[in-house]
Structures are given as C-alpha cells and as structure tokens.
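Quick notes on the structure that follows.
Every number in this text was worked out from the coordinates using simple rules, so none of it is lab data. Because the structure is a prediction, the values reported are computed rather than measured. Note that we place each Cβ from the backbone using ideal geometry, even for glycine, and neighbour counts take in every protein chain shown.
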Amino acid sequence: MTFPVHVRVGTFVLHPHPVFEVLAWAVGFAFYFHARRRSGDVLSAEHRLWVVVAAVLGGLAGSRLLYLVESLGALTGPATDPDVLFGGKSIVGGLVGGVMAVEIAKKRLGVTVATGDLLVLPLAIGMAIGRVGCFLTGLADRTYGLATTLPWGVDFGDGAARHPTQLYEAVALLLCAAVLGARGHRFTTEGDRFKAFIVAYLFFRLWLDFLKPGEPVGGLTLIQWTCVAMLAYYAPQVPRLAAGARHE
C-alpha cells in the first residue's frame, strides 16, 4: 500500500483526508438528527441552532489551535498543500473547544439543561470515520505511531513498521459508541452519558499518545497535558459516571 491512499470517484482522484472528513461530518449529523427525532428536544429551535453552531465553530477552532501549538515548526509545506490545509487538526482540541464554546453559548442564552447526550453517537462514529482518513493519509497527517515489531505494524512510507494508532483509535471509538449507546445504562443525570464519553476518550488518548512520536514536556506532550487538565476537571464526577456506565 502506498500512502496517501487516494480515493477514486470516476475520473476524479481525491485526497483521502478531506473525503473522510466530509464523510465524518455527514454521518455525524445524520446520527444526530436521527437521535434528536427519537428522543425529542428540550431546547427551542433557536437555542438548539445556536448550541450546534457554537459546538461546530468551537470544535473547529480548538482542533486547529491545539494542533498548531503542538506542531510548531512541523508544517513546512506550502499553504496550498492538502496535508497542510486539511491535516492540521486535533480531536482533543476540537472536543475541548466545542465543550467550552457550548458552555459559553448556553450561559449567554440562559440555557441550564444538559445538551450533550445526543452528541455521543454522532461524535464517536464521526471521529472513527475521520481517523480512517488520517490512516489513509499516511505520514503527512502525523497521527502515526512509533516503530513496532508487532505483526500488524504498517509502513507508511519511511521504511519503518509503525503502530497504526489511527485504527486503534477508530476501533476504540466504535466500541465506546456500542457501550454507551446500548440500552440498559442507568445514567441518572442528563448529560452524564456525554461526560462519560469525554472521560473515556481522554483516558484512552492519554494512553494512546505514549505510542506516538512527540516532544514531551515534563514527561507528557501538550495533547496529553490537555487530557490531564480535562480529566482533572471531570474527576469529581467520575464515580457517578462509572456507576451509570454499568449495564443492568
């Protein structure tokens, strides 16, 4: 396999990253609207629109900002290079930016109810699809793992068999979607399903990034320190979330 693995649609040859990113957004929104129709909506149409806009814009801003800070000096290609245009995002930064933007928007709107539970499946499935695009992009995406002797190591083009950490993450996200989306979980507080997803993902990323090359400061990379900070924020709620995640 030669990376990047381009997507062929008729006579068009498309870069995998934007293709899978668009697909991730499309599938994510489809799952969101389906979940919203099934469960109803506690917000007015106007408030829901502002919350969704805040989540999208905050997520995009946070994902780009954390990636750029983490990757200072790494982006050497021209501004028109697809790898520079589309490859520079951090999921952790996107989650943090989205959560912060939504909380600010809700405060401005006077919304006091939790709004995140409907986003669990759309986020988990959309992020998994996006990680497949990261895998197919190869070295330029900078989401690959360290060299490994394991039989499933992948040579992304530099002659070293590496952990396919993008696929590890995609599988973990789908498992998380299956567990948290299953019936029988007794989350007693609205919004706890979303918090459980965020905490589970941050724990996973904190571990996974030890399998990735990086420039640690104090033993951790910037993304890992961001995970630690967010986990510390959610720490008082973890016992309740763990109890709610048990299947009856």
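Return the ratio Rg/(2.2 N^0.38 Å) for the chain, where Rg is computed over Cα atoms only. Write out the running numbers ahead of the final one.
Numbers: Rg = 18.5 Å, N = 248, 2.2 N^0.38 = 17.9 Å.
Dividing the Cα Rg of the chain by 2.2 N^0.38 Å gives 1.04.
Taking R0 as 41 Å, what FRET efficiency do you get between Ala45 and Trp207 from their Cβ-Cβ distance, rounded to the nearest 0.05?
0.50
At a Förster radius of 22 Å, what calculated FRET efficiency corresponds to the Cβ-Cβ distance of Thr149 and Val217, to the nearest 0.05?
The formula returns an efficiency of 0.20 here.
Sorted from largest down, what three extents in whole angstroms do the Cα atoms of region 118-188 have along their principal axes?
Per principal axis, max minus min of the Cα coordinates gives 50, 22, 13 Å.
Test of understanding: given the chain, find the longest segment containing no trypsin sites (Lys or Arg not before Pro) that are in a DSSP loop and have at most 13 other Cβ atoms within 10 Å.
On the way: sites that count: Arg183, Arg186, Arg246.
Answer - 1-182.
In the neighborhood of Pro216, defined by Cβ-to-Cβ distances under 13 Å, what is the net charge if each Lys or Arg adds +1 and each Asp or Glu adds -1?
-2
Work from the charge dipole of the chain (Cβ charges, +1 for Lys and Arg, -1 for Asp and Glu, about the Cα centre) and give the residue of Ala61, Pro216, Ala243 farthest towards its positive end.
Of the candidates, Ala243 comes out farthest on the positive side.
Starting from the amide H of Val111, placed 1.01 Å from N in the peptide plane, find each other amide H under 5 Å away whose residue is 5 or more places distant or on another chain.
none
Name the long-range amide H neighbours of Leu14: under 5 Å, sequence gap of 5 or more, or other chain; modelled H, no Pro or chain starts.
Hits under the 5 Å cutoff: Val7, Arg8, Val9.
Set the Förster distance to 25 Å, then compute FRET efficiency between Ala235 and Leu60 from the Cβ-Cβ distance, nearest 0.05. Intermediate results must be reported in sequence, preceding the final value.
Working: r = 28 Å, r/R0 = 1.10.
My answer for the efficiency is 0.35.
Let me know the charge dipole size of region 139-248 about its Cα centre in debye, to the nearest 20, where only the beta-carbon of Lys, Arg (+1) and Asp, Glu (-1) is charged.
On the way: 10 positive and 9 negative charges, 89 e Å.
Computed about the Cα centre, the dipole is about 420 debye.
Filter the chain for me: DSSP H helices, axial length by Cα at least 30 angstrom, mean Kyte-Doolittle hydropathy not below 0.5. List them by residue number. Could the numbers behind the result be given before it?
Values: long enough: 16-39 (34 Å, 0.20); 45-70 (37 Å, 1.06).
The answer, listed by residue number, is 45-70.
Going by amide H atoms built from the backbone, whose H comes under 5 Å of the H on Phe156, apart from near neighbours?
Arg162
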